[in-house]
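The values are calculated or read from the model by the stated rules, or taken from the named source; none is laboratory data. It should be emphasised that the depicted structure is a prediction, and the values quoted were computed from it without experimental measurement. Cβ coordinates were reconstructed from backbone atoms using ideal geometry, including for glycine residues, and neighbour counts include every protein chain displayed.
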Number of protein chains: 2
Amino acid sequence: MNIGIIGSGNVGGALGTRWAQKGHQIVFGSRTPDDADMKKLLDRAGKNARAAKLVEAATNDVLLFAMPWSIAKDVLSGLGNLAGKVLIDATNPLLPDLSGLAVGTSTSAGEQVADWAKGAKVVKAFNTVGSTIMENDSFSAGKPVIFYCGDDAAAKKTVHELAADIGFDPQDTGPLTQARLLEPFALLWISLAFQQKWGREFAFQVLRR
Amino acid sequence: MNIGIIGSGNVGGALGTRWAQKGHQIVFGSRTPDDADMKKLLDRAGKNARAAKLVEAATNDVLLFAMPWSIAKDVLSGLGNLAGKVLIDATNPLLPDLSGLAVGTSTSAGEQVADWAKGAKVVKAFNTVGSTIMENDSFSAGKPVIFYCGDDAAAKKTVHELAADIGFDPQDTGPLTQARLLEPFALLWISLAFQQKWGREFAFQVLRR
């Protein structure tokens, strides 16, 4: 395929390089296509890649959009007509300090529960897989993760032990506000199980290296 | 531990049963602790479990809260003083048709990008792991998943091939509105990498059985 990379930073650079090495024709779009960083990127990517201004990269039929969220709108509005193109959106609307998303989540059931259960040490947990996985955590390929979050360290230790006791890989994801992430993750599981018809016998494992 | 189960349905029943089998003392709380479903549940859970009204189950120091979201607030307000208790919140604020969350996400960067990139076939993808994983997808324990979503089937097929080309396990999660789930999932990866100090060399694998 002929692929235009709109934003040749870490993500655009990595994907463009690997696709080029697989034989796809890559145009790395950049506001500064002649700079030293781009020369290094082209050296890594090899003969199937070249650099161009963003608007030229955008003339390809398949585009990877990997710009910082703060300039996403301005960049897109400067690319010309995008009608009919495949645009792969790899952005995340992160707040500058990574504390949340600028779009979407601003509260969670976990926080509301904490507000209603006055004084309780609330830990969000066991909400990210279905009950069939809780009944039986066994998978031949590995151990399913259970994410949890909360504001009380001792309460989280309790939950960690309870998850480990029944075979899960328990992982602390931080303060209770992280329920804003664990609840959408749960809905992802649910939508895969039902709308996407995967059924209920799947879970996620953390891969590390 | 002595654990009160607030809501002994699928999730509360599964976890309470497995904890009881591991030697924890379980009180299955229910509005109808004498009904036939509870008898079956107690038979499965064995000698370490008993049933009680919700308010009695809530006297334990560790509580699992696994009620439907629609009645969560009313149930909590009827449990008495919860101050100091460990309350494990396993709820998800699902809309009745599972089409979204009643709390939190109501739009996404993916949808905004589609609005700005008029006419483009936007596919949300490659936003859920860091670029070090895109550079090198290799893990000894399995293949990392790349989730994508979008409203154009052909465009999604393109993205599927591009992800498979570089070693990922590509999985369709549905329409572009699913970016409301994939973006928080990305922030989960980011927060684990940085705030939780896992570093960047991890990803997630789908486990199936």
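One table, with the values for the structure above:
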quantity	calculated
Pick from region A:61-107, criterion among the aliphatic types (A, V, I, L, M) and at pLDDT below 65, ranking: farthest from B:Glu111 (Cα to Cα)	A:Leu98
Index of the failed condition, B:Arg200 passing every other in (1) assigned by TED's automatic domain parsing to the domain that holds B:Ala125; (2) in a loop (DSSP other than H, G, I, E, B)	(1)
Lone qualifier among A:Ala141, A:Ala153, A:Ala120 - being out of contact with any helix residue (DSSP H, G or I) (no Cβ under 6 Å at 6 or more places or on another chain), more than 21 Å from B:Ala14 (Cα to Cα), modelled with pLDDT under 85 and surrounded by fewer than 22 Cβ atoms within 10 Å (Cβ to Cβ)	A:Ala141
In region A:155-183, the residues that are small (Gly, Ala, Ser) and facing chain B (nearest Cβ under 8 Å)	A:Ala155, A:Gly174, A:Ala179
Tally, over region B:189-209, of residues that are without any contact (Cβ under 8 Å) to a residue 60 or more places away in the chain, in contact with a Ser or Thr (Cβ under 8 Å, 6 or more places away or on another chain) and farther than 15 Å from A:Pro170 by Cα	2
Considering residues of region A:158-199 that are charged (D, E, K, R) and at pLDDT 90 or above only, the residue farthest from A:Lys143 (Cα to Cα)	A:Lys197
In region A:172-198, the residues that are out of contact with any strand residue (DSSP E or B) (no Cβ under 9 Å at 6 or more places or on another chain) and surrounded by fewer than 20 Cβ atoms within 10 Å (Cβ to Cβ)	A:Phe194, A:Gln195, A:Lys197
Total residues in region A:42-56, condition part of a helix (DSSP H, G or I), away from chain B (no Cβ under 14 Å) and buried (at least 19 other Cβ atoms within 10 Å of the Cβ)	1
Filter result (under 16 Å from A:Val122 (Cα atoms) and in a helix (DSSP H, G or I)) within region A:159-180	A:Val159, A:His160, A:Glu161, A:Leu162, A:Ala163, A:Leu176, A:Thr177, A:Gln178, A:Ala179, A:Arg180
Tally of residues being in contact (Cβ under 8 Å) with a residue 12 or more places away in the chain, part of a loop (DSSP other than H, G, I, E, B) and surrounded by fewer than 18 Cβ atoms within 10 Å (Cβ to Cβ) across region B:123-138	1
Total residues in region A:184-197, condition more than 7 Å from chain B (Cβ to nearest Cβ) and part of a loop (DSSP other than H, G, I, E, B)	1
Filter result for the condition that a residue is under 13 Å from A:Leu182 (Cβ atoms) and of a type outside the set (Ser, Thr, Tyr), over A:Phe147, A:Phe168, A:Phe139	A:Phe147
Residue in region A:8-30 that is in a helix (DSSP H, G or I), over 22 Å from the mean Cα position of the chain (by Cα) and modelled with pLDDT of 90 or more present	yes
Qualifying residue in region B:128-150 (condition: on the phi < 0 side of the Ramachandran plot, of a type in the set (D, E, K, R) and at the interface with another protein chain (Cβ under 7 Å from one of its Cβ atoms))	yes
Some residue of region B:67-74 being basic (Lys, Arg) and either more than 23 Å from A:Ala164 (Cβ to Cβ) or in a strand (DSSP E or B) (or both)	yes
Among the candidates B:Lys22, B:Lys39, residue that is more than 13 Å from every other protein chain (Cβ to nearest Cβ) and either charged (D, E, K, R) or surrounded by fewer than 21 Cβ atoms within 10 Å (Cβ to Cβ) (or both)	B:Lys39
